[in-house]
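J.: Got a structure here, written out as structure tokens. Questions coming.
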Amino acid sequence: YDPFVQARDRDLLVPERERQKAVWRILGNPGTVLADGEVIGTWRSKLSGRRHLELTVQPFETITPRLRKVIDEEAARIATVRGASDFTVTMTA
């Protein structure tokens, strides 16, 4: 529940209807991937076993190598907070 994406003017944050459906779901909103103030995808995480975090990212556009590095760094932070000793990041289409 990031306050950035909870603003009332969703059309301003995410103009495309299909992307809005991915970000604001009826049940279980995913996290959002923000780059340069723009929502460029969604993410979900789950713990596998006791110590492995699986992070799945659904990008709305091509992920550059620089952005992939930043996503991996953020995934490492999420893993630490969730108590996981390792993690994987999967990009979906």
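J.: Name every residue in region 35-68 that is assigned to a helix (DSSP H, G or I) and surrounded by 14 or more Cβ atoms within 10 Å (Cβ to Cβ), in order of residue number.
T.: Passing the criteria: L67, R68.
J.: Give the residue that is most open to solvent (accessible area, probe 1.4 Å), with candidates limited to residues of region 71-93 that are farther than 15 Å from R50 by Cα, of a type in the set (A, V, I, L, M) and over 12 Å from the mean Cα position of the chain (by Cα).
T.: A93
J.: Moving to a separate point now. Search region 9-24 for residues being in a helix (DSSP H, G or I) and more than 15 Å from G41 (Cβ to Cβ), and hand back the single one that is most open to solvent (accessible area, probe 1.4 Å).
T.: The selected residue is R17.
The values are calculated or read from the model by the stated rules, or taken from the named source; none is laboratory data. Since we're looking at a predicted model, the values are computed, not measured. Heads up, the Cβs are rebuilt from the backbone with ideal geometry, glycines too, and the neighbour counts pull from every protein chain shown. When the accessible area is computed, the model is the full protein with side chains, heavy atoms only, and any ligands, DNA or RNA have been set aside. Shrake-Rupley method; radii C 1.70, N 1.55, O 1.52, S 1.80 Å.
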